[in-house]
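Working notes, structure below.
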Amino acid sequence: MDLNYSQEESAFRDEVRGWLKANLPQDLRDKVANYDELGRDDLLRWHKILAKKGWVAPAWPKEYGGTSWNVVQRYIFEEECGFAGTPPLIPFGLSMCGPVLLRFGTEAQKKRFLPDIYNGDVFWCQGYSEPGSGSDLASLKTKAERVRDEKSGDHYVVNGQKTWTTLGHFADWIFCLVRTDSSLSKRQEGISFLLIDMKTPGITVRPLVLMDGGHEVNEVFFDDVKVPAENLVYEEGKGWTVAKYLLGHERMNTGRIGGSKRELAKLKTFASEQTGDDGKPMIENARFRDKLTRVEVELMALEITNLRFLDQMRRSGQPPGADVSMLKIKGTEIQQALTELAMQVAGPMAQPFKTVGSENARDAGFDAFTAGLAPRYCNYRKTSIYAGSNEIQRNIIAKMTLGL
Amino acid sequence: MNFDYNEEQQLLADSVRRFLAKDYGFEARKKIVSSTQGWSTPVWATLTEMGLTGLPFSPDYGGFGGGAVDLMGVMEAAGEALLVEPYLATVGLGAQFVARAGSDAQKKAILPAVVEGKLKLAFAHTEKGARYNLSKVAATAKKSGSGWEITGEKFVVLGAPAADKFVVSANTDKGLSLFLVDSKAAKVKAYVTLDEQRAGDVSFLKASGELLGVEGGALPVIEEVMDFATALICAEAVGAMKFACDTTLEYLKTRKQFGVTIGTFQALQHRMVDLYVSYEQAKSMACLAASKADSPVDAKDRARAISAAKIKIADNCRHISQEAIQLHGGMGMTDEMKVSHTFRRLTMIAQQFGDAEYHLARFASL
C-alpha cells in the first residue's frame, strides 16, 4: 500500500499547475474567485485556450484530439483545474455529445460535429428533463414523428417541452431524448437520440431564473420543429441505450475535489480575516472550527476514496460502476457544507443581495467576494438535485452494489 | 499509488481470517469471554504460531520487521471476529515502547519473549481526570539505588490482568518519563470492559522499575505509540464495521414484514446505502492512518493524519453501530445476536485513544 503519487504523476501535476498558472487569464480567474456569472464568451474563451494546448478533451481517442492520459492523469488534470479556479468546461459537448458520437455516431456525424465540439466553435446543451419527467426520465413525452419526404429527405417533426436546460440560452445545438414510438409497453423503448439546431424555426427558449437571481437554466419549447433524419444518432428507438451509455461513462471528477479544496482554502482565509462575536478571528471559535474540521476530514476521506476507485480502475481497466454515485453524494454534500460555512462566517454581511433596479449586489459597491456568498449558497442547493438527485444515486447503489 | 495489500499481507490476513472463522465463531467467543481468564490461551498460541506477535518487530529480535500497514489486514480480521485476546495491549502498545525507546539490553530481554508469545505487556498511563490529555500525569518516580521507585494510580489499563510487565508513565525531576515495572510489583483491580475485553486499575506504591528511554523525554514517544495504536484500532473498526454492514444487509434481505423482505422498502434501502458509504469512507481513512503511522514523516504531519482518521472513524463507528441495531429492530438489542457485541466494540473504539472531540481539537491545533 502506498498512498503517494509516483514521481511521474507528481511531475505531471507540476506541469499542469505551471501551465494553468501561466495561461489562465486574470479576468477569468477573478470572475471565478468572486463567484461572478460566466458568460458564453468567458466559457468559450477558456475552452479555446485548452483546445489550442490540446488538453480540452483528454478522454477522447488520440485521432480526435485526446491526450492518451491514464485515469490518474485525467483525475490530476481535473483536480488542478478545480484547484486553480478555471472556468468550468461545459460538459454537454465535450463529455456528453462527443462521447456519444464517438461510440454511436456515423462517420458523417463524427466528421460534421466532433471538430466543432473540440474547438469550441459550437455550444451544445442537453435536452433530457421535461416538466413531468425528472428522476423518472423514461416517462418523457416530447414527440418526434418521422415524415417521409422524397424531395428534401426524411425528417422528424418534434413537439413538446424540455426543461432545466442548462445554458440553453447560449447554445447553438441541443441533443435531445424524444419519443419516436409511444405504442410500446416498455417505456424505455421507443425513445430516440436526436441532434437539433437551436436556430430551427419553432424552438423557443424561456429563461428560468433561480432563487440566487441567476440565469443558468431554461425551458425549451418545440413547436413543429423540423429535424433532418440524418440527425438521428444510433437507431430509432434505441435512445435509451445511448443515454445509459452516458450515465455509465467514466465520470472522473464527480466528487469535484479540486474545487472543494480551493473553496476550503478560501474559507479558511476568510474565517481568519473575519472577526467573531468575541473579537477574535472566526477560525479560533471552537464551535465554528469543529464544523470546518469535520468538512475538511470528509473531503480527505472523499479524496482517498476517489483515489482508491481510480487505482482499481487503472489496474482492472473496468469503469467504477455504481460507486461513482457515492462520490456524487459525498462531493455535493461537501460543496454545500462549504457554502453554508462561508455564509456563517459572513454573518450579517451575507444579507445585501442587490441594489434596487439592479441585478447584483456588487453594483452597490459591496465587497465582491462577500456579496457572492449568499447567492452561491442558494445556487448550490442544486448540486444534490441535478445529475441524478442524491436520492436517485442511493437507489443506484442499493440496486447495483447492495442487491436490494 | 497503490491501495492493495501486497501478496504477503493479503496471505496473512486471509489465513488469520480463516483461523478466526473456524475457531473463533460467535459461540466459541462467547465461551472465551465468559471464562475466568477472559481470553484464550490456545488462541493466543495460534496467533503466536502465525507470527502475529512478531509482525511489527525487528528481525534482530525474531520479528518480521512489519509496520502498521502490515497489521491492517490482521486488525480488520480481529475487528470482524471481535477478538478479545490482549494483542493490541502487548503488540500495539506495550512492546512498541520497548522497540522504539528501549536500550539494546531491554530490547533483547523483552522483544524475543513478546515475539514468542511468552511475555505480555500493558501500557499503564491514563489517570483519573486526565481524560485523553497525554501529558497529564501525577504518578512520580524517584531514584533508588541503581533503579527507580514508582508511585501512582493508573486507570482502565487495557490488558492489565494478563500483563507480565507494565510500561508506566511517571514524572521525575526532569519531567515525564517511562518505566518498565514487573506486574508482581503492582496491584491490579481487574474488570471486564463494555466490549468484553479485560482491563484494570493499577496502583504502584514505591514499585521498583527501570527507566525506559530518555528521562524527561517520554511525551514524543507516547504520542508516536498512541498514534500507531490509533491507526491499528482504526483498521480494527473497519473490520467491525464490515461485519455490521454485511450482517445488516443480510437481515434486510431475509427479514419479512407486511409479506415482503424489509429490504424492499426505500426508507431502509437509503439508510443501508449510507452505512455502506460510511464504511468506505472509514476504510479510506484507515488506509491513511496506517500509511502515515509507518512513513518517516514529521510528527506533526503524522499526528494530523491520524487525528483526521480518528475523527472520521469515531463518527462512523457511531453511525454504523447505531443504524445496524436500528435496522435489526428488537433482535439487534439482544445479547444473542453478534451485532449487539459489535455495537459494543464500535462504541468503545469511538472513544478509545481520543474521541472525535479530542481529535478535532488536536487537528485544529496542528
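Values in this text are rule-based calculations from the coordinates and carry no lab data. Since we're looking at a predicted model, the values are computed, not measured. Using ideal geometry, Cβ is built from the backbone for each residue, glycine included, and neighbour counts are taken over all protein chains shown.
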>> At 222 nm, what value in deg cm²/dmol follows for chain A if DSSP H runs of at least 4 each add -39500 (n - 2.57) and the sum is divided by all its residues, to the nearest 500?
In response: -14000 deg cm²/dmol
> Mean Kyte-Doolittle of at least 0.5 and a Cα length of 30 Å or more along the axis: which whole DSSP H helices of chain B meet both?
Replying inline: B:218-254
> At q = 0.07, 0.08, 0.14 Å⁻¹, what base-10 log of I(q)/I(0) does the Debye formula yield for chain B when every alpha carbon is treated as an equal point scatterer in vacuo?
Replying inline: -0.30, -0.39, -1.18
>> Net charge around A:Q161, counting only other residues with Cβ within less than 15 Å of its Cβ (Lys, Arg = +1; Asp, Glu = -1)?
In response: +1
> With N residues in the range B:121-216, what two-decimal value do you get for its Cα radius of gyration over 2.2 N^0.38 Å?
Replying inline: 1.01
> If amide H atoms are built 1.01 Å from N in the plane of the peptide, which residues on other chains or at least 5 residues away come under 5 Å of the amide H of B:L176?
Replying inline: B:A218
>> Name the residue from A:G82, A:P61, A:Q7 whose Cα lies farthest towards the positive end of the charge dipole of the range A:7-89, charges +1 on Cβ of Lys and Arg and -1 on Cβ of Asp and Glu.
In response: A:P61
> How big is the shadow of the Cα convex hull of the range B:220-365, averaged over all directions, in nm²?
Replying inline: 8.8
> In nanometres, what is the gap between the two model label sites at B:A190 and B:L11, each 7 Å from Cα along Cα-to-Cβ?
Replying inline: 3.7
>> Taking 8 Å as the Cα distance limit and 6 or more residues as the minimum spacing, I'd like the relative contact order of chain A as a percentage.
In response: 14
> What is the distance, in nm, between label points placed 7 Å from the Cα along the Cα-to-Cβ direction at B:K108 and at A:D224?
Replying inline: 10.2
> In the neighborhood of A:R206, defined by Cβ-to-Cβ distances under 13 Å, what is the net charge if each Lys or Arg adds +1 and each Asp or Glu adds -1?
Replying inline: -1
> Can you give me the Cα centroid spacing of the range A:192-246 and the range A:7-24 in angstrom?
Replying inline: 37
> How big is the convex hull of the Cα atoms of the range A:179-245, per residue, in Å³?
Replying inline: 133
> Is it possible to state the helix-based mean residue ellipticity at 222 nm for chain B, with each DSSP H run of 4+ residues giving -39500 (n - 2.57), the sum divided by total residues, to the nearest 500 deg cm²/dmol? What is it?
Replying inline: -17500 deg cm²/dmol
>> Give the residue list of trypsin sites (Lys or Arg not before Pro) in the range B:70-124 that are DSSP loop and have at most 15 other beta-carbon atoms within 10 angstrom.
In response: B:K118
> Regarding the range A:124-238, what whole-number volume in Å³ per residue does the convex hull of its Cα atoms give?
Replying inline: 96
> What is the spread of the Cα atoms of the protein assembly as shown along each of their three principal axes, largest first, in whole Å?
Replying inline: 110, 62, 48
> Tally Lys/Arg at +1 and Asp/Glu at -1 over every other residue whose Cβ is under 13 Å from the Cβ of A:I283; what's the total?
Replying inline: +1
> Long-range amide H contacts for B:G65: which residues qualify at under 5 Å (H placed 1.01 Å from N, peptide plane, sequence gap of 5 or more or a different chain)?
Replying inline: B:F57, B:S58
>> Could you check the spin-label model distance between B:S58 and A:W69? Points 7 Å from the Cα along Cα→Cβ, value in nm.
In response: 4.5
> From the phi of every residue in the range B:145-155, what ³J(HN,Hα) in whole Hz does the Karplus formula 6.51 cos²θ - 1.76 cosθ + 1.60 yield, where θ is phi - 60° and glycine or proline is x?
Replying inline: x, 8, x, 9, 10, 10, 9, x, 10, 10, 10
>> I'd like the FRET efficiency for B:E153 and B:T41, computed as 1/(1 + (r/R0)^6) with the beta carbon distance as r and R0 of 30 Å, rounded to 0.05.
In response: 0.55
> Using the Karplus equation 6.51 cos²θ - 1.76 cosθ + 1.60 (θ = phi - 60°), what ³J(HN,Hα) coupling, rounded to whole Hz, does each residue of the range A:378-394 give in order, writing x for Gly and Pro?
Replying inline: 4, 4, 6, 4, 5, 5, 8, 9, 6, 6, x, 4, 5, 6, 5, 4, 5
> Could you list, bin by bin from short to long, the percent of Cα-Cα pairs of the range A:297-404 in 5 Å steps?
Replying inline: 2, 12, 16, 15, 15, 11, 9, 8, 6, 4, 2, 0
> Under the Karplus relation 6.51 cos²θ - 1.76 cosθ + 1.60, θ = phi - 60°, what is the ordered set of whole-Hz ³J(HN,Hα) values for the range A:205-216, x standing for Gly and Pro?
Replying inline: 10, 10, x, 10, 6, 8, 5, 7, x, x, 10, 10
> If you take the charge dipole of the range A:241-327 about its Cα centre, with +1 on Lys and Arg Cβ and -1 on Asp and Glu Cβ, which of A:T241, A:T305, A:S260 is farthest toward its positive end?
Replying inline: A:T241
> Regarding the range A:30-121, what whole-number volume in Å³ per residue does the convex hull of its Cα atoms give?
Replying inline: 92
> Remind me, relative contact order of the range A:101-217 in percent, using alpha carbon pairs under 8 angstrom and six or more residues apart?
Replying inline: 22
> For chain A, what is one quarter of the convex hull surface built on the Cα atoms, given in nm²?
Replying inline: 22.6
>> With 10 angstrom as the radius, rank B:K253, B:K312 by how many other C-beta atoms surround their C-beta, starting from the fewest.
In response: B:K253, B:K312
